[in-house]
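A.B. asks: My questions will all concern the structure given below.
The values are calculated or read from the model by the stated rules, or taken from the named source; none is laboratory data. Only a predicted model underlies this, so the values are computations on that prediction, with no experimental measurement involved. Don't worry about glycine lacking a Cβ; one is built from the backbone with ideal geometry, like all the others, and counts go over all protein chains shown. Accessible surface areas use protein heavy atoms only, side chains included; no ligands, DNA or RNA. Shrake-Rupley method; radii C 1.70, N 1.55, O 1.52, S 1.80 Å.
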Amino acid sequence: MLEIRNFSKTYKGGKRAVDGLSLTVEPGHIVGFIGHNGAGKTTTIRAVAGVLDFDEGEIRIDGHSIRRAPIACKKVTAYVPDNPDLYEYLTGIQYLNFISDVFEVPLAVRKRRAAEYAGLFEIDKNLGDTISSYSHGMKQKLALTAALLHSPKLLVLDEPFVGLDPVAVHAFKGVMREICDEGGAVFFSTHVLDVAEKLCDRVAIIR
């Protein structure tokens, strides 16, 4: 599902953030990505999501190159950063409809999935409110709901459990496993080793 081969990224000024990273995420697997601060986790995840260019190596998602076929990769991928930037002047439901439009999710399907996941994360009663009124945790739940609307094959997450309450954490762990049971895959960074140990099929450590 995800193949990273000899990935390297150097920022302006010569700082080499990632040097020759290779790893594979197989369909059906939840893979945790761990390492100390500054090890290159977020850099790698942003490159996988297609929002960060890179110097060397290859990243392939569902058989497509993120460089040569970025749209094909992004159609089957959902990316949630550690601190999602949402359009705060929109209401929650307007944001979900916007994301659904981007991914061409049919009206009936988006309504069903939005109701399902917003209910699961307990923000269904807040979808008529503007996002600017949301707490950090509610914004994280909205971002996760939006990420699931197009039934991604690959879920790419940067510290997804930060800011979530225990009920939402439990619910989202179940969603992650469901995606994998249906042939998808999850690649996420975390600092919580207990989560990685209990949830993941494999763990990748970047040093």
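A.B. asks: Out of all the residues in region 81-94, is one or more surrounded by 15 or more Cβ atoms within 10 Å (Cβ to Cβ) and under 30 Å from G14 (Cβ atoms)?
C.D. replies: Checked against the condition, which is being surrounded by 15 or more Cβ atoms within 10 Å (Cβ to Cβ) and under 30 Å from G14 (Cβ atoms), region 81-94 yields at least one hit.
A.B. asks: If you don't mind, there's one more thing I want to ask. Just need a number here: residues in region 11-27 that are open to solvent by 10 Å² or more (accessible area, probe 1.4 Å), in a strand (DSSP E or B) and touching a residue at least 40 places away in the same chain (Cβ under 8 Å).
C.D. replies: Quick first cut of region 11-27, residues open to solvent by 10 Å² or more (accessible area, probe 1.4 Å) only: 11-17, 19-24, 26-27.
Among the residues that remain, those that are also in a strand (DSSP E or B) are: 16-17, 19-24.
Subset that is touching a residue at least 40 places away in the same chain (Cβ under 8 Å): 21, 23.
Summing the residues that are open to solvent by 10 Å² or more (accessible area, probe 1.4 Å), in a strand (DSSP E or B) and touching a residue at least 40 places away in the same chain (Cβ under 8 Å) in region 11-27 gives 2.
A.B. asks: Residue by residue through region 99-112, note down the ones that are farther than 12 Å from L144 by Cβ, under 19 Å from the mean Cα position of the chain (by Cα) and part of a helix (DSSP H, G or I).
C.D. replies: So the first thing to find is which residues in region 99-112 are farther than 12 Å from L144 by Cβ, and the list is 100-112.
Of the ones still in play, those that are also under 19 Å from the mean Cα position of the chain (by Cα) are 100-105, 110.
Passing the criteria: S100, D101, V102, R110.
A.B. asks: While we're looking at this one, here's another question. Name every residue in region 32-86 that is touching a strand residue (DSSP E or B) at 6+ places or on another chain (Cβ under 8 Å), of a type in the set (S, T, N, Q) and over 21 Å from F172 (Cα atoms), in order of residue number.
C.D. replies: Result: T43, T44, S65.
A.B. asks: One residue is enough: does region 56-73 have a residue meeting the conditions in a helix (DSSP H, G or I), within 15 Å of A17 (Cβ to Cβ), charged (D, E, K, R) and in contact with a Ser or Thr (Cβ under 8 Å, 6 or more places away or on another chain)?
C.D. replies: The first filter runs over region 56-73 and keeps only residues in a helix (DSSP H, G or I), leaving 70-73.
If we keep only those that are within 15 Å of A17 (Cβ to Cβ) too, we end up with none.
No, region 56-73 contains no residue that is in a helix (DSSP H, G or I), within 15 Å of A17 (Cβ to Cβ), charged (D, E, K, R) and in contact with a Ser or Thr (Cβ under 8 Å, 6 or more places away or on another chain).
A.B. asks: Just a yes or no: is a residue in region 178-196 in contact with a strand residue (DSSP E or B) (Cβ under 9 Å, 6 or more places away or on another chain), open to solvent by 40 Å² or more (accessible area, probe 1.4 Å) and modelled with pLDDT of 95 or more?
C.D. replies: no
A.B. asks: Which condition from (1) among the aliphatic types (A, V, I, L, M); (2) farther than 23 Å from A185 by Cβ; (3) surrounded by 14 or more Cβ atoms within 10 Å (Cβ to Cβ) is the one that L107 breaks?
C.D. replies: (3)
A.B. asks: Of all residues in region 122-156, count the ones that are in contact (Cβ under 8 Å) with a residue 24 or more places away in the chain, among the charged types (D, E, K, R) and either open to solvent by less than 60 Å² (accessible area, probe 1.4 Å) or more than 29 Å from C73 (Cα to Cα) (or both).
C.D. replies: Within region 122-156, residues that are in contact (Cβ under 8 Å) with a residue 24 or more places away in the chain, among the charged types (D, E, K, R) and either open to solvent by less than 60 Å² (accessible area, probe 1.4 Å) or more than 29 Å from C73 (Cα to Cα) (or both) number 4.
A.B. asks: Here's something else I'd like to know. S8 fails exactly one of the following numbered conditions: (1) assigned to a loop (DSSP other than H, G, I, E, B); (2) of a type outside the set (A, V, I, L, M); (3) surrounded by 14 or more Cβ atoms within 10 Å (Cβ to Cβ). What is the number of that condition?
C.D. replies: Failed condition: (1).
A.B. asks: While we're here: Identify all residues within region 78-98 that are of a type in the set (D, E, K, R) and either touching a Ser or Thr at 6+ places or on another chain (Cβ under 6 Å) or in a helix (DSSP H, G or I) (or both); write none if there are none. Spell out how you get there, then give the answer.
C.D. replies: Let us first name the residues in region 78-98 that are of a type in the set (D, E, K, R), namely 82, 85, 88.
Of everything in region 78-98, just one residue is of a type in the set (D, E, K, R) and either touching a Ser or Thr at 6+ places or on another chain (Cβ under 6 Å) or in a helix (DSSP H, G or I) (or both), namely E88.
A.B. asks: Using the structure shown, decide if A118 is open to solvent by 40 Å² or more (accessible area, probe 1.4 Å) and either of a type outside the set (K, R) or in contact with a Pro (Cβ under 6 Å, 6 or more places away or on another chain) (or both).
C.D. replies: Judged against the criteria, A118 is not a match.
A.B. asks: A further question follows. Only one of these conditions is not met by R67: (1) open to solvent by 70 Å² or more (accessible area, probe 1.4 Å); (2) in contact (Cβ under 8 Å) with a residue 24 or more places away in the chain; (3) basic (K, R). Which number is it?
C.D. replies: Checking R67 against (1) open to solvent by 70 Å² or more (accessible area, probe 1.4 Å); (2) in contact (Cβ under 8 Å) with a residue 24 or more places away in the chain; (3) basic (K, R), the one that fails is (2).
A.B. asks: Give me the residue from region 28-52 that is modelled with pLDDT under 90 and open to solvent by 60 Å² or more (accessible area, probe 1.4 Å) and, out of that set, nearest to V203 (Cα to Cα).
C.D. replies: H36
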